[in-house]
Structure formats: structure tokens, C-alpha cells
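Coordinate-derived values only; no laboratory data. Computed from a predicted structure; not experimentally measured. We place every Cβ from the backbone using ideal geometry, glycine too, and count neighbours over all the protein chains shown.
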Amino acid sequence: MNAAPPAAPFLSDQIFVHVAQHLACRELGRLACTASRFSLLCPIGSSAVTSVPATQPAAERLSIVAEGARRRLRGHTLRACVPRRGTESWLRLLRELERLERPAFTLSGPDVALRDGGRTALRLSGGTTHAQQHFLQSAVCAGVDLRAGRHFLELTWVNGPRPRNAAAPAVASPSVATALGLDEDQDEDDDPMLCGVCGPSFDPTAQAGGAPSMVSNDPTASLFSARSGRLRQWSGLHGSEVVEQDWPGRQRVLIGDVIGLLLDLDEGSLAVYRNGERLGLMVRGGLVPPLRWCVDLDPEDRTQVSVRAAPVPSVVTNLQSSGGCSGASDGSGSGSGRGGGGG
């Protein structure tokens, strides 16, 4: 009986690792189920899997699939956004990164319909209860937490109630309103759409006082008010009070506009863009991860928004007008050209 021929050199584990590092997370998972060879754990210093010197402590053991995921993460521009916690699975980190690249609403109130794989949130109208007819309800990108780095999201305000004064200018800062003789309080209805970030503990399906919970009443939320352009946050000074405040560069947006949100978790800041133009820093600091993207939607006229990820814009640093914020100016003159990823 003849002995089995030796394995061909092109079928070595090292070759399989090179192939694995070009696969997506779902494909890597399928590869692991194909044969035990691909999911067999080996020391990270093993020459069969990686080129790490054998002198390095081999406290961690990786499979071909896990090593492929690790190398794929290592070469990604967004790798800083998914820092590893201890011996966390490399496959899990890769799945987290892929979800950051394709954000979607995954959790919503009972009267918010999620469509297009969660990329569109539609507030349903026509309910019979007071809450269904008048209360905002929320949608949250709960599939992954924003833990580190810089993240940029674009939301398109597709539909919603029209302002009473359709001829009102888009700019709604106090100085412009005064110059034009506008009374902002009389001109503006309640905001039909708010967008921003909230904490991971917020649950839009919960009931508060007989009505679905609204992210605008959550103490961890920082929201951009579409109709007024103001910042809406929780105020701990007067109990459970939600307050709105101005910020440099504030503008209201109109239906059809694209709202860009740039979250910098290194600075704890949140900048706002309108149709590709940087308006300024709405939140100058103090935001603490983990956070999630979120919206509040009004039932009138079936308020609707769509969400997509976009490259992190390059920001021109203005040292003379930094105003205490490092790394970015807060004026509308900041550059809005599309740069590389948020690593």
C-alpha cells in the first residue's frame, strides 16, 4: 500500500491566512464551519500561522480564521474606532467595524417603521391615542456602539410637516432673526425631527407616563433640532427638564436637506453639517462613549429620515478661532472636503 503523498506547499496554513485576510466577517464564519483546520487554535507565535517571532509570549492562540480577521482589521482605516478589549474575538471586532461602515436603525418605538434594512425610519400617523397623534418616537442605531475615534453620519430629512412660515430663511441665529424682524418663538412649531447621539441604555420601546419613551428626554442624549437648529439636552439643574440652547453657526434645516453629524470621541465633541457645509461645533466637549446614533420623529405628515455612513470630512484647523477646542475650528469656514476614514 502506497503512502499518502505529502501536502502540496501551496496548501500551507500561511497561504490560507493570506486568503482569509481578504474575506468579510460572514465569509470568515462560513470558512470556519467548512473544516476544523480553519478553526483550530494555534499559538499566535506559531510560524504556521503568522510571522510573529517565536520569542514573543504565546499567551493567545488564534485560528486561521481569527488571524485573517486580525490582519484585515490591522489594515483598515477605521481600526481606531474598534479598540480591542482584552482578548476579545477578532471576528467580533471585524463584525463591529463592518456595522460601523453600514449604520442602520435597529431599534424603534412601536409607531416607527424601519425600512430598507433599517436605513430608513418612518414615523407612522393616524393612531387613535393621544401619544400616537402627538408624541415623538425614537429610532436608534443599536446594532453597534460608538466607542472610540471619529464617526460621520449623514441623515436625509425625507418628509415631515412644513413650517408655518415657508418663506422664513434657513438661518435661524438670534442675530439674523433680529435683523430680519423675525420672532423665532412665534415662527417655529415644535421640532418634528431631532437627530444626534444617546447612550446605549436608552430603550425607545419603553413606556414613560403612558407614552413611548423619547430620546429627547434621555439624560445621555445630545440632539440637533431640525426646525430650530438648536441643541437639545437634558438639564439636571431643574430636575427632569429638557432645554434648548444656541451654538455658533446654528441653522435650521429644511425637508430634503442632508444633515451631517461628526462625532469625535477623542474630543467629546459633535459638529453639524448641512448639505456638505460645516456649520460648526454644536457640542464642544463632554460627550462620553459608548454612544449610539438616534433620531426623534413626529407623527404629523409621516416624518421620515434616511441614514447612511460617509467618509469623515477633513477639518481645517483654525488656531486663531479655536475657542478652546483643539483640532477643529467652530466656524462655518471650516473645510468640508471629504477625507479619509475615521481612524
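Structural remarks
- Phi to ³J(HN,Hα) by Karplus 6.51 cos²θ - 1.76 cosθ + 1.60 over region 286-298, Hz, x for Gly, Pro: x, 6, 10, x, x, 9, 9, 6, 7, 9, 10, 10, 8
- Peptide packing: for 103-110, 68-75, the average count of neighbouring Cβ atoms within 10 Å per residue gives the ranking 103-110, 68-75, highest mean first.
- Backbone amide hydrogens, once placed in the peptide plane, bring Leu279 within less than 5 Å of Val272, Tyr273, Arg274, excluding anything fewer than 5 places away on its chain.
- The HN-Hα couplings worked out from phi for region 21-27 by the Karplus form 6.51 cos²θ - 1.76 cosθ + 1.60 (θ = phi - 60°) are 6, 9, 9, 6, 4, 4, 5 Hz, whole numbers, x standing for Gly and Pro.
- Neighbour counts of C-beta atoms inside 10 Å place Ser201, Ser228 in the sequence Ser201, Ser228, starting with the fewest.
- Legend: ranking of residues Asp264, Asp203 from fewest to most surrounding C-beta atoms inside 10 Å; resulting order Asp203, Asp264.
- On the basis of the beta-carbon distance and an R0 of 30 Å, Ala35 and Arg84 show a calculated FRET efficiency of 0.65.
- Distant-in-sequence amide contacts of Val258, defined by a placed amide H-H separation under 5 Å and a gap of 5 or more residues or a different chain, comprise Asn275.
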